[in-house]
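The values are calculated or read from the model by the stated rules, or taken from the named source; none is laboratory data. Computed from a predicted model, the values in this text were never measured in an experiment. With ideal geometry, Cβ positions are generated from the backbone for all residues, glycine too; neighbour counts draw on all protein chains shown. In case anyone asks, the SASA skips ligands and DNA or RNA and just uses the protein heavy atoms, side chains included. Shrake-Rupley method; radii C 1.70, N 1.55, O 1.52, S 1.80 Å.
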Amino acid sequence: MSRRTFALGAALTVASLTAGDAVAAGRGVPGPREMRGMWLATVANRDWPSRAGLTAAEQRAELIAHLDTAVRRRLNTVVFQVRPTADALWPSPYEPWSQVLTGTQGQDPGWDPLGTAVTEAHRRGLELHAWFNPYRIANHTDPSRLLPTHPARLHPDWVVPYGGKLYYNPGLPEVRRFVQDAMLDAVRKYAIDAVHFDDYFYPYPVAGQTFDDDAAYARYGGGFADRAAWRRDNIDRLVREMAARIKRARPHVRFGISPFAVWRNMATDPEGSDTTAGVQTYDNLHADTRKWVRERWIDYIVPQVYWNIGFAAADYAKLVRWWADVVRGTGVRLYIGEALYKAGDPAQPAAWQDPAELSRHLDYADGFPEVRGHVYFSAKEVGQDRNGAMARVVADHYA
């Protein structure tokens, strides 16, 4: 069924469907409407809050403004980053309050951002997907800058510095259990519509640096052909176990992941995409994204197809076609991650200077019944709309 068939064409396009409608059929069963989503990023105050240290009232007002922008753009879903760096945007017994709120890690902001986001999103007919980053601890490598009671300070053996950042070691079963527990706390406490992971599993490769998991591999990697296979199994376990635990905690909460769009290049694997990307999730991030779809561990996947149509190394058109083939017959919903942040950016290729480029993406994807919607990165650009690309999408596809 095409995207235009889904279009409601009335003033109550968004509000006419409640968030509950979209999950009423149960986990893994498609809801009645297409995805029109935006990511609302909090890491490093990317989208929200605009800066650390705002008053609770100012933070709340900015958050509400983003939700209202989503409604104005006729979107129906906000993917809200609530655990950007092993911290929390809700009162968590596992991890400290995020410093993006007050500027000080662990300081109570005086309100509950996640609870407010869920309530206010649902009030507007929006779904609220809680976005978690499983393993990233900090965007620096100095543990002493973390709160003394931070789990990474209490368990230094869990921590690996790499590429100027700190990460939890995915190869440790106790780490995998802990990060799941921390995320599931939000699932149990709030009426979120979905749990969402982004593209960070093992970190993106940094030239000249080694992710030091030698001790964990020596202890747990004996049954695997090589370290890469062991690492992929660690991430498979995270995804599979998280899926099962979400279903036990709240059966109607869905589970989605938005990976880097290239699983493997065709030159590496004949079943890969016709691309020449410098990163392949299977090989570099040890994330077998295709397997998660085939095994139906996840309810939806949002590959970040952040390139223009015709881009030589990773053509939007070729990747959408490849992902449509992957999901076909699995029941896993396919949404396409769109690089709205590139539209009108003078540093980007010429295609992104054309306000119609993004609308053409939706025109093309409309030819694949497996594509059930789009998610835009990110909220700041949805509001600012630098060159009118978002307004063009709304006029052409969401009117």
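Those residues that are part of a loop (DSSP other than H, G, I, E, B) and open to solvent by 10 Å² or more (accessible area, probe 1.4 Å), I need them from segment 36-46; list them, please. Reasoning before the result, please.
Keep residues of segment 36-46 that are part of a loop (DSSP other than H, G, I, E, B), which gives 41-42, 46.
If the condition is that a residue be part of a loop (DSSP other than H, G, I, E, B) and open to solvent by 10 Å² or more (accessible area, probe 1.4 Å), then R46 is the only one that fits.
What do you reckon, is L54 open to solvent by less than 30 Å² (accessible area, probe 1.4 Å), part of a helix (DSSP H, G or I) and at negative phi?
no
If I ask for residues that are closer than 18 Å to Y135 by Cα, among the small types (G, A, S) and in contact with a Lys or Arg (Cβ under 9 Å, 6 or more places away or on another chain), which ones from segment 186-231 would you list?
Selection gives A186 alone.
Take the residues of segment 255-284 that are assigned to a strand (DSSP E or B) and either in contact (Cβ under 8 Å) with a residue 24 or more places away in the chain or surrounded by fewer than 18 Cβ atoms within 10 Å (Cβ to Cβ) (or both): which is nearest to the chain's Cα centre (by Cα)? Step through it out loud before you land on a result.
To start, the set of residues in segment 255-284 that are assigned to a strand (DSSP E or B) comprises 255-257, 260, 265, 273.
Still in the list and also either in contact (Cβ under 8 Å) with a residue 24 or more places away in the chain or surrounded by fewer than 18 Cβ atoms within 10 Å (Cβ to Cβ) (or both): 255-257, 260, 273.
Numbers: F255: 11, G256: 8, I257: 6, F260: 10, S273: 21 Å.
Residue satisfying both the conditions and the ranking: I257.
Just name the residue that is farthest from the chain's Cα centre (by Cα) out of those in segment 158-175 that are among the aliphatic types (A, V, I, L, M) and farther than 17 Å from Q209 by Cα.
The initial filter retains those residues of segment 158-175 that are among the aliphatic types (A, V, I, L, M), namely 159-160, 166, 172, 175.
If we keep only those that are farther than 17 Å from Q209 by Cα as well, we get 172, 175.
Working: L172: 23, V175: 20 Å.
Applying the filter and picking the extreme gives L172.
Open to solvent by 10 Å² or more (accessible area, probe 1.4 Å), more than 17 Å from G37 (Cβ to Cβ) and either part of a loop (DSSP other than H, G, I, E, B) or touching a helix residue (DSSP H, G or I) at 6+ places or on another chain (Cβ under 9 Å) (or both): which single residue out of T119, T141 fits that description?
Numbers: T119 fails: either part of a loop (DSSP other than H, G, I, E, B) or touching a helix residue (DSSP H, G or I) at 6+ places or on another chain (Cβ under 9 Å) (or both).
So the residue among T119, T141 that is open to solvent by 10 Å² or more (accessible area, probe 1.4 Å), more than 17 Å from G37 (Cβ to Cβ) and either part of a loop (DSSP other than H, G, I, E, B) or touching a helix residue (DSSP H, G or I) at 6+ places or on another chain (Cβ under 9 Å) (or both) is T141.
What number of residues within segment 289-312 are open to solvent by less than 20 Å² (accessible area, probe 1.4 Å) and touching an Asp or Glu at 6+ places or on another chain (Cβ under 8 Å)?
3
Assuming H252 fulfils every condition listed in (1) touching a residue at least 24 places away in the same chain (Cβ under 8 Å); (2) out of contact with any helix residue (DSSP H, G or I) (no Cβ under 7 Å at 6 or more places or on another chain); (3) open to solvent by 60 Å² or more (accessible area, probe 1.4 Å) apart from one, which condition is it?
So the condition that H252 fails would be (2).
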